[in-house]
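> Pasting a structure here, questions to come.
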Amino acid sequence: MEPRSVSRALVMSDVAARAGVSHQTVSRVINGHPHVAAATRERVQRAIEELGYRPNTAARALVTGSTRTLGLVTSHINQYGPAQTLLGLEAAARAAGYSLSVAILDDDTVDAMREAVDRFVAQSVDAVVALSTYGQAVEALRRFDAPVPLIAVQVGRDEQRPTVWVDQEAGGGLATRHLLDLGHRTVHHISGPADSLEARGRIVGWRRELVAAGAVVPPMLHGDWWPVTGYAAGRELAARIRSGGPGPDVTAVFVANDQMALGLLNALHEAGVSVPDEVSVVGFDDVPEAAYYTPPLTTVRQDFAELGRRGVELILSRLRGEHIHVDAVTPRLVVRSSTAAPPCARRPAGSRHAGEQVC
């Protein structure tokens with residue numbers, strides 16, 4: 001049915017008349033009140049759709065004291081992880097009947113964060129989400145209190161602030177353990193930026209698995225999340241492989257994200273180093289393109305949709321005055337063609353078992 005043509009703005013009583021219910025019942029349905037019969041709720045929603053009614057959010061805020069809007073303060077949104085976390089939060093907020101207003105900071109200082117939160121408070125948001133993966137943001141969050149509920153996303157466990165996060169240490173451990181279980185004697189690592197909490201967590205997981213296995217912990221190579229630094233690290237590792245340079249043999253590399261892994265794969269290919277025949281590679285994030293790298297990339301997947309769902313769940317619990325416990329989101333390993341058992345030694349030519357592989 002086409003929306004009814006009216007000479008005035010539709011109001012809630014129009015919906016009530018069409019659905020044959022009271023004004024209060026329409027209000028309960030619009031505001032997500034749980035104590036409405038399913039048949040009644042369906043009738044009201046059908047009337048809303050038929051009339052093309054849109055609730056007046058300003059008027060509803062005056063009545064309920066809620067704008068059903070969440071403020072998100074974030075930075076580094078040009079990077080895959082923060083961008084996907086934002087999308088996960090927005091989808092979860094929308095599913096819960098909230099809209100998301102976003103402030104993107106140039107830096108993570110206390111002053112910048114406070115200014116953004118103050119702007120959101122002036123807009124009467126119901127709560128604020130701070131999304132950052134950098135250490136400076138954590139310190140900024142600890143140094144001020146917001147007049148509305150404030151939660152942090154992806155800053156790791158924080159006893160002073162309600163948080164939701166992906167367990168980066170577990171992810172780094174998954175990548176490293178996978179390579180060790182394949183038989184590699186050690187695993188080299190290309191890390192993310194030094195001030196990134198995600199990069200730090202992945203380093204901890206990588207190092208912890210090596211130590212637990214009694215393996216040598218080789219020196220790290222440092223990157224910045226972008227393919228160019230993965231490419232530079234790849235050229236360095238390829239030169240070491242071809243020259244037989246000092247240090248542990250390079251047969252396995254855990255790269256802190258998939259974009260740097262792409263640069264690494266390119267450098268190894270240019271140097272004639274075969275993946276995974278000579279070197280196995282594991283990334284992190286599972287970007288949509290990872291399955292189409294050459295070869296398809298084994299990687300650690302973060303569930304950004306689940307992260308967003310838990311973040312919104314935590315916000316809503318705070319708005320209800322509840323204090324729920326939220327566990328870290330556990331990443332999972334996605335095995336593809338870039339990892340295999342390490343290259344084996346071969347018996348000398350002319351022996352009875354010439355060419356036979358022995359590890």
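Every number here is computed from the coordinates shown, using simple stated rules; none is lab data. As the structure is a prediction and not an experimental result, all values here were calculated from the model. Positions of Cβ are generated from backbone atoms using ideal geometry, with glycine treated the same way; all protein chains shown enter the neighbour counts.
> Calculated FRET efficiency, VAL211 and GLU42, Cβ-Cβ r, R0 56 Å, to nearest 0.05?
After rounding, the FRET efficiency stands at 0.45.
> What's the FRET efficiency of MET220 with ILE104 using the Cβ-Cβ distance as r and R₀ = 51 Å, to the nearest 0.05?
That pair, MET220 with ILE104, gives E of 0.95.
> Say each of ALA341 and ASP111 gets a label point 7 Å from the Cα, pointing the same way as Cα to Cβ; how far apart are those two points in nm?
Spacing of the two 7 Å Cα→Cβ label points: 6.1 nm.
> Mind running the shape call on the range 86-236? Use the C-alpha gyration tensor, a ≥ b ≥ c as the square roots of the eigenvalues: rounded below 1.5 for a/c, prolate if a/b tops b/c, oblate otherwise.
Since a/c reaches 1.5 and a/b is larger than b/c, the shape of the range 86-236 is classed as prolate.
> With the Cα gyration tensor of the range 168-301 giving a ≥ b ≥ c as the square roots of its eigenvalues, does the rule (a/c under 1.5 for rounded; else a/b larger than b/c for prolate; else oblate) give rounded, prolate or oblate?
rounded
> If you don't mind, another one. Around TRP225, with a cut-off of 13 angstrom between Cβ atoms, what is the net charge of the other residues, counting Lys and Arg +1 and Asp and Glu -1?
Computed value for this residue: -4.
> How far apart, in nanometres, would the label points at TYR292 and VAL228 be if each is projected 7 angstrom from Cα along the Cα-to-Cβ direction?
2.4
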